[in-house]
Amino acid sequence: MIHSRPDTVSVIGLGDMGTALANTFLKAGYPTTVWNRTARKANALVNKGAQRAASVAEAISASEVVVVCVLDYAVMQEILHAAEDILPGRLLVNLTNGTPQQARKTAAWAAACGAEYLDGGIMATPSMIGQPEAFILYSGSAVAFDAGQAILNTLGGSQYLGADAGLASLYDLSLLSGMYGLFAGFLHATALVGTEKVEARAFTPMLTSWLKVMLQVLPNLAEQIDTGRYDGAVESNLSMQAAAYHNILQASREQGLDPGLMTPLKTLMDQRLAEGYGTDDLSGLIPLIRKPTMYHTS
Ligand SMILES: NC(=O)c1ccc[n+]([C@@H]2O[C@H](COP(=O)([O-])OP(=O)(O)OC[C@H]3O[C@@H](n4cnc5c(N)ncnc54)[C@H](OP(=O)(O)O)[C@@H]3O)[C@@H](O)[C@H]2O)c1
């Protein structure tokens, strides 16, 4: 049974993110115990007042709230399975990046161990933790979220998405999909303009302004996606966009670049055009993504 206001926390995993989490709990005045495979990474935190645990079991025993932030779920499982006897009554908060299925499986395992479980997705870099722009998504036990909210709020804004433990990672990976699409475009754009010796630093302000304008298009695309009306309020039809997109690929080759980051979208455009939807908007690619037949890689 968790206290309604737990106020002791252990952080397992002191990579860049785990260290930022532990630092933030310490700064907020919470008694904080830390453990990391490579023990020396705890030294700076211990100098600031954290307790060093000699083992994972000792870290779990020391606190009511146990935050785990390691590389992936395989590592998380390896670490925690050896200490499942002491999990009952703890609030386990897993901030390790993973998939919805991994989160649901871990929630079932934690429940069988007698622990309250919250799965989380950190929407911040380590330096943002504890700052107003950081937010963290949570899903899983509502009881756990209510109990842990005060302590977890020190890390950034907390958003509880529901009892299905898989929701936090679903939203997290969806947000990261948007981010990596942006980063891929940024890399290709700077490489393309850079073929004429334009520095990325010089070009980035113009790209940023352009992207801010283009963000205004998203609500209309979202409306088309939700209604299934891919031909609604179309300003930039797919035939036109595919022709311009073809020029991106051709110019990239002509300038001596590998267009590989950009080609998958063209493949989808061409398929949709071949199906006769040239007057639809780009949102019309959604049915192809929902029926994946082309990409079966990892
Ligand atoms: N950094 C970010 O910007 C960011 C943002 C959002 C979410 N996240 C998520 O936060 C989690 C941690 O990221 P990070 O930036 O802290 O990564 P990191 O700096 O690479 O740290 C990885 C952590 O995992 C531990 N680890 C790896 N393999 C292990 C093993 N076999 N046994 C025991 N421990 C092992 C490392 O221990 P050692 O120190 O002993 O190697 C270290 O504590 C990831 O799931 C990541 O996706 C990170």
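Points to keep in mind about this one:
- In the chain, Rg over Rh equals 1.06, where Rg is the alpha-carbon radius of gyration and Rh the Kirkwood radius from pairwise Cα distances.
- Tensor-based shape of the stretch 195-294 (alpha-carbon gyration tensor, a/c under 1.5 rounded, otherwise prolate or oblate): oblate
- Efficiency of FRET from Cβ geometry, Leu207 and Asn43, R₀ 45 Å, rounded to 0.05: 0.65
- Between the stretch 71-91 and the stretch 152-183, the alpha-carbon centres lie 22 Å apart.
- FRET efficiency for the pair Arg52 and His246, taken as 1/(1 + (r/R0)^6) with r the Cβ-Cβ distance and R0 = 51 Å, rounds to 0.30.
- Calculated log₁₀ intensity ratio I(q)/I(0) where the Debye formula runs over C-alpha points of the stretch 51-165, q = 0.21 Å⁻¹: -1.23
- Projected area averaged over orientations for the stretch 13-118, convex hull of C-alpha atoms, nm²: 6.0 nm²
- Sorting 119-129, 237-247, 155-165 by average packing, meaning the other beta carbons within 10 Å per residue, from highest down gives 119-129, 155-165, 237-247.
- With K and R counted +1 and D and E -1, the other residues having a Cβ less than 12 Å from that of Ala124 yield a net charge of -3.
- Comparing Leu118, Leu182, Leu152 in a Gaussian network model of the chain, where Cα atoms under 10 Å apart are tied by springs, the biggest mean-square fluctuation is seen for Leu182.
- Burial order of peptide ranges 68-81, 42-55 (average beta-carbon count within 10 Å, highest first): 68-81, 42-55
- Within a Gaussian network of the chain (alpha carbon springs, distance under 10 Å), most fluctuating of Thr190, Thr32, Thr19: Thr190
- Each Cα pair under 8 Å and six or more residues apart adds its separation to the average, and for the chain the resulting relative contact order is 13 percent.
- Rounded to the nearest Hz, the phi-derived 3J(HN,Hα) couplings of the stretch 241-252 under the Karplus curve 6.51 cos²θ - 1.76 cosθ + 1.60 (θ = phi - 60°) are 5, 5, 5, 5, 5, 4, 5, 4, 5, 5, 4, 4, where x marks glycine and proline.
Bear in mind these aren't lab numbers, they're just calculated from the coordinates by the rules spelled out. For clarity, every value in this text was computed on a predicted model and none was experimentally measured. Methodologically, a virtual Cβ is constructed for each residue, glycine included, from the backbone with ideal geometry; neighbour enumeration extends over all protein chains shown.
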